[in-house]
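First up is the structure itself, then whatever we jot down about it.
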4 protein chains.
Amino acid sequence: MNTEQSRSQRPRLRQAGVVIGSLPTGPQNAITDVTGVRVGHTTLIAGDGPLQPGIGPVRTGVTVILPHAGNLYSEKVRAAVHRINGFGKACGFEEVRELGVLESPIALTNTLNVWRVADALVDDALAQNPDIGIRTSTFNPVVGECNDGFLNDIQGRHVSAADVHAALAAARQSEVGAPVREGSVGAGTGTSCFGWKGGIGTASRVIPAQAGGWTLGALVQSNFGRADQLVVNGDAVGQRLRPDHLAAKEADAEKGSIMIVLATDAPLESRQLQRLCGRVAAGLARTGSTIGHGSGDFVIAFSTATRIPHEPTTLTHSEVVLVDEGRVLSFLFDAVVEAVEEAVLNSLYTATTVTGRDGNRRVKFGENE
Amino acid sequence: MNTEQSRSQRPRLRQAGVVIGSLPTGPQNAITDVTGVRVGHTTLIAGDGPLQPGIGPVRTGVTVILPHAGNLYSEKVRAAVHRINGFGKACGFEEVRELGVLESPIALTNTLNVWRVADALVDDALAQNPDIGIRTSTFNPVVGECNDGFLNDIQGRHVSAADVHAALAAARQSEVGAPVREGSVGAGTGTSCFGWKGGIGTASRVIPAQAGGWTLGALVQSNFGRADQLVVNGDAVGQRLRPDHLAAKEADAEKGSIMIVLATDAPLESRQLQRLCGRVAAGLARTGSTIGHGSGDFVIAFSTATRIPHEPTTLTHSEVVLVDEGRVLSFLFDAVVEAVEEAVLNSLYTATTVTGRDGNRRVKFGENE
Amino acid sequence: MNTEQSRSQRPRLRQAGVVIGSLPTGPQNAITDVTGVRVGHTTLIAGDGPLQPGIGPVRTGVTVILPHAGNLYSEKVRAAVHRINGFGKACGFEEVRELGVLESPIALTNTLNVWRVADALVDDALAQNPDIGIRTSTFNPVVGECNDGFLNDIQGRHVSAADVHAALAAARQSEVGAPVREGSVGAGTGTSCFGWKGGIGTASRVIPAQAGGWTLGALVQSNFGRADQLVVNGDAVGQRLRPDHLAAKEADAEKGSIMIVLATDAPLESRQLQRLCGRVAAGLARTGSTIGHGSGDFVIAFSTATRIPHEPTTLTHSEVVLVDEGRVLSFLFDAVVEAVEEAVLNSLYTATTVTGRDGNRRVKFGENE
Amino acid sequence: MNTEQSRSQRPRLRQAGVVIGSLPTGPQNAITDVTGVRVGHTTLIAGDGPLQPGIGPVRTGVTVILPHAGNLYSEKVRAAVHRINGFGKACGFEEVRELGVLESPIALTNTLNVWRVADALVDDALAQNPDIGIRTSTFNPVVGECNDGFLNDIQGRHVSAADVHAALAAARQSEVGAPVREGSVGAGTGTSCFGWKGGIGTASRVIPAQAGGWTLGALVQSNFGRADQLVVNGDAVGQRLRPDHLAAKEADAEKGSIMIVLATDAPLESRQLQRLCGRVAAGLARTGSTIGHGSGDFVIAFSTATRIPHEPTTLTHSEVVLVDEGRVLSFLFDAVVEAVEEAVLNSLYTATTVTGRDGNRRVKFGENE
């Protein structure tokens, strides 16, 4: 199977001259601007022609996001999860809600592949931590998904354990602060956005030094929206670019979803991370989303500021925590909204045309079919 | 105390030529387009000059929304509540969550007046239902609020039981489908929105006949946002209209809030009404909100389709319920987003300049101080 | 109105020879064993004979619990709230959920008096903090309730602001670690429990020194249960003590409720306090509760370990936090279950017979009518 | 691999002379008393001696519960899920929360096998519904788990897709109202309960005819509790039967969990099913549980009364719904508490001694090692 990733990338939103919001970006305008965060993709493209369920064509992949390159099970990070609309199969959320920590890489993939990918994360955790389930407690993999069945043989569940391990290896070997490939890659290989090709997008914001100077990054797997809904920085471009798509309203609306990952180095406890998650819907809305019935829209947020050992040796620990006060939080909330909006649009701007099963085709943004 | 309501009203958003979204409005473009829903205001304006805590000046009021003009305790309606951001004092939410019904008028007022207004709703329920707490169970008043302390002597808690009863009487005596007064009236008398005068706003949408033809109405008490954030139908007007206000960012951001009431005649169970609530944040975001830390942003939604008796005589009842399927729900979700966006802007467009305590002043939208 | 409190008290559960659980109690076996926590009651008993709604007879009161005797608005404590069953009117919960702090005394009273009591807490907060709503944000009073309408003229809402202020003054003037009056006092004056007289009850537990040695206290306002359900330390005494009451099953079941307050000096963040709340239902179940439909069963939990300033001067603070690990949490969870079970039974054992409106009578536990 | 199931079964609680509660049981005192509900197990026992991670010994399995024997994807049932304590990996919960329906068999297995089992449920759904992900939306498998790593090679994830399909086939081929095998079978093959061998247990209750005569069934996979905590019908037998186990308190407490499935033919909407879930903790508490930190305690509840088509042909449907009123709900709540308590004890009474990896041994209840 062909896992080659294309080396060229289309211009991102800012390269196209559109600036979202007022806060500055980090160096890469990517989730990896939060120091230590890594991203890795495996992209799966194979076969053409009529859908043969279980065989192909394959247009899918997996994207992993690591809060740090070390052993997440033994050094967990504070985290929160949030359901915007629950028509989705995200897994691992119950334990994050209860304990407020993330002990797994976050993996994104296609809807029907969630459990195979989760199982592959278990392999990885066992390899790093041979005591899991024997001497210590078990392990909670966190996986999100979008439905790429319009282009991909989704029933085939083609993302294998080896594909997950490859994405993890790529992430772990990447440099601190490396750029993130966007568009039709990894978990975004087969997804659609506002009727065009969607995929992976990312962005970041840095809040003012007097408010702490922390960085907030977002990464999305975009797969939602009807063409007529698209808004770019306040401009309802969707209404004039694709009038032909208005008729497709109902069909398009039903199969969407978006996964959003937020990372920050601000020292937030899980309750505060939950509050960040609550602002994601505002960022989505700015791109035109009305959060459709059939959409699985979930947020996973983490802070890299504190590491929580799996086996603490003391009863208490001393932790630096942000105060719940408007000055800093308002900047962080603005950062979430701006970064999510821009990450969605980056996924749209950078995605390349993909033709998949049954000749189904999603063209790149700006082109007609 | 002067409770006179001004008879003139400034042009609403559509009268100013701005059309939000694509769905048609109801006859009044108001929450009262949902048949049976009534609205009543009591507006309190008294005194001028320096703040004398507990005395005045008074710039506040109360707005009540009735799902029907009858006895809500004996004929309840299906309902849901939702917390977008919980820096607020809304009351009555726990029981609505558990039982999925509303048995009280919804009252909106200022933050510190919540409990006096709730107590006045108890008076009203006792007058209609003398058995409450004696033979039958008790009563759950539902009240929302915004902080109007920039203009109003909020410590004074000037909304009396008589003021609540007057608003209830006005609502009950109003005609079916009557227009709703907006702007600086009732609970909106002293509120601010994006740095200008805010207040009460409303709007409605009718979904296509082939999707059921149901009506969705929204009413808001707006009190949030910084001038630089304001977006009108995609146009970031706030950034050019009030550059002087950018400096006021922090102070303005801290005291905001918005209460949103949704009504529909679509036959929704409480879980489905909860899903409508989940789209309100998208409507707010389109006006520029990033849902600030200090904001109490709550939604209360109800359906008028089914009446639930307080003392049912059978073990089960047969109920018409909307199916959970994309065709209708997507239209209802779009209707929520459009109606909330327009209701907020209607509150802004119709509000008139108010000068309050200490000479504090909120000018009407479009004017500079 | 007679606010005298009886000086005698019936024997508590341990004095009757029943020991619940295995953990040791604090010095007073009371919520005040958590250093700094204070409790105050105002008990209202007036009139006899037929119910005259709005006039009497009066058998009610108010109980306040203070995390510390200082200014709670300017020095907040970490807190969580929890709904076990939401047929109740508790207020102030939304903001505690969002911000994870308590800035108000906790007041308990009768169901229809909640809002007058909340308003009186506002008076008190304004007296201590004249800037509320003027220069700073507003104030979030927290009030819980039970329905004492079987004995009390509940429609009369007889707990006045002065009664609340008296309870607050009593609490503030009490000694650190003072015993707590239980039974038919304060908010428990008119409540019922398992068909006998209920009321206020409290208990505490100290966890082992090697697990931190922290104290956990519970205080309840009991008003739930049918006679046949009562279990005392595993003995289903209700089934043999009151066979006459089995017939009353339905009527009794409908009006119950219980409010539970948990306090600890363990350094818990709000998420962890939430987890403590989740164990309260186990304590209630051990007394025989099946958590009835008509019950308003709510928990409010706080930790005295950290004080959160209303106006922090730094962006972050360093906080000692318990690690989320089994050794300590299991002891704290056991402490919650044991203390809640014992607090309920203390309320039952110490309550004295009360005859109220219409000659309605709840006899003390162990007696027949 | 040996999947033989032992044919003998130890006496259940009632056969041992212990009667829990006052409501009558259904014919089998099992979840299958709810008409149409089926249960199937695959039990995996292989190997002995030292743990060889990934190889064995194997002491595990899978248990499936079907609301009906038909196609659950095309005919869904109303459902709710609930987290008592979230230290667990249950999957499929987000979508049940959002949509209030179950479209999958419920499968129970060991902790690290969750995702392979979920993937096998996908196979099964695809076989029945070849359009999934191609023409229609995707599929939401629901899986719960307990950690059987004390006896089982949990890292091996030995429950294969074939094992899941075998359990599904067994369930589908079973008679309506068939008895359910309990104890050391299926997902309970390797679990522990209060320090003895635990496993699968079930029970049912029928509420009075005048309250509707509906049936409520519970099935549990028990894996929680310390020996000293065990209470049987109010008798703290754990404290006298196993004093040797008190020392093991900490170790035992850390790895527990319990999965609870509730079924009823009462016509409940998802909100009401959620309320049933809220009573499960009371049933657990009666057996001695304090809901430990390391426990994944989750409830899944469904009603068989209404079938929801995947592709409805009308906008609304007419549905018989239980009224939210005390008479019936109190009986159903009592039924939940009684059935859960008895199901846990049945799992304990019927489980047989199992010796597993490294010679680790859980003896049957009533025996010492």
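The values are calculated or read from the model by the stated rules, or taken from the named source; none is laboratory data. For clarity, every value in this text was computed on a predicted model and none was experimentally measured. Neighbour counts are summed over all protein chains in view; Cβ atoms, including those assigned to glycine, are modelled from backbone coordinates with ideal geometry. Accessible surface areas use protein heavy atoms only, side chains included; no ligands, DNA or RNA. Shrake-Rupley method; radii C 1.70, N 1.55, O 1.52, S 1.80 Å.
Distance between the pseudo-spin-label points of A:E75 and A:V19 (7 Å out from Cα toward the beta carbon): 3.7 nm.
Work out the mean other chain Cβ neighbour count within 10 Å for the residues of A:114-125 and drop it here as an integer.
Taking all residues of A:114-125 together, the mean is 5.
Computed from label points 7 Å out along Cα-Cβ, the spacing between C:R135 and C:T314 is 2.3 nm.
Shown for B:R307: label points 7 Å from Cα along the beta-carbon vector, and their distances to the equivalent points in the other copies, 3.6, 5.5, 6.5 nm in ascending order.
Express the relative contact order of chain C as a whole percentage, based on alpha carbon pairs under 8 Å and six or more residues apart in sequence.
Value for chain C: 26 percent.
Among beta bridges identified by DSSP and lying wholly in chain C, the antiparallel ones come to about 80 percent.
Chain C packed on chain A takes about 2300 Å² of accessible surface away from a 1.4 Å probe, both sides summed. Shortest first, B:P179 label-point distances to identical copies amount to 5.7, 7.0, 7.6 nm, with the label point at 7 Å from Cα along Cα→Cβ.
Peptide D:278-290 shows a mean partner chain C-beta count of 6 within 10 Å per residue C-beta.
Once backbone amide H atoms are built at 1.01 Å from N, C:L51 has C:D358 as its partners under 5 Å, excluding neighbours fewer than 5 places away on the same chain.
Split the accessible area of the protein assembly as shown by element, probe 1.4 Å, and carbon with sulfur accounts for 50%. Within a straight-line Cα-Cα reach of under 13 Å, C:K89 can be paired with the following aspartates and glutamates, leaving aside sequence neighbours fewer than 8 residues apart in one chain: B:E94, B:E95, B:E98, B:E103, B:D119, C:E145, C:D297. With a 10 Å cut-off around each Cβ of A:212-225, the average count of Cβ atoms from other chains is 0. What the protein assembly as shown shows is 28 Å² of accessible area per residue, with the surface traced by a 1.4 Å probe over protein heavy atoms.
At 222 nm, what helix-only mean residue ellipticity would chain B give, in deg cm²/dmol to the nearest 500, using -39500 (n - 2.57) for each DSSP H run of four or more?
-7000 deg cm²/dmol
The distance from the alpha carbon centre of segment C:89-162 to that of segment D:145-177 is 53 Å, rounded to a whole number.
Sorted from closest to farthest, the other copies place their A:P130 label points 4.8, 7.1, 8.2 nm away, with each point set 7 Å from Cα along Cα→Cβ. Given H placed on each backbone N at 1.01 Å, which residues far from B:G288 in sequence or on other chains put an amide H within less than 5 Å of it? When sequence neighbours closer than 5 places are left aside, the close amide H contacts are B:V231. Looking at segment A:219-369, the DSSP beta bridges with both ends there are about 50 percent antiparallel.
When the other protein chains are added to the chain by itself, burial of at least 50 square angstrom of heavy-atom accessible area (probe 1.4 Å, ligands and nucleic acids ignored) affects these residues of segment C:304-328: C:P312, C:L315, C:T316, C:H317, C:V321, C:V323, C:R327.
In chain B the longest region clear of trypsin sites (Lys or Arg not before Pro) that are loop-assigned by DSSP and have at most 14 other C-beta atoms within 10 Å covers B:136-369. Here the Karplus curve 6.51 cos²θ - 1.76 cosθ + 1.60, taken at θ = phi - 60°, turns the phi angles of segment C:268-278 into couplings of 9, 7, 4, 4, 6, 4, 4, 5, 4, 4, x Hz, with x standing for Gly and Pro. Neighbours of B:E175, meaning other residues whose beta-carbon lies under 13 angstrom from its beta-carbon, give a summed charge of +1 when Lys and Arg score +1 and Asp and Glu score -1.
Antiparallel beta bridges, as assigned by DSSP with both residues in segment B:22-169, represent about 75 percent of the total such bridges. Ligands, DNA and RNA excluded, the heavy atoms of D:L241 present near 70 Å² of accessible surface to a 1.4 Å solvent probe. Relative contact order for segment C:269-369: 33 percent, from Cα pairs under 8 Å spaced at least 6 residues apart, divided by residue count.
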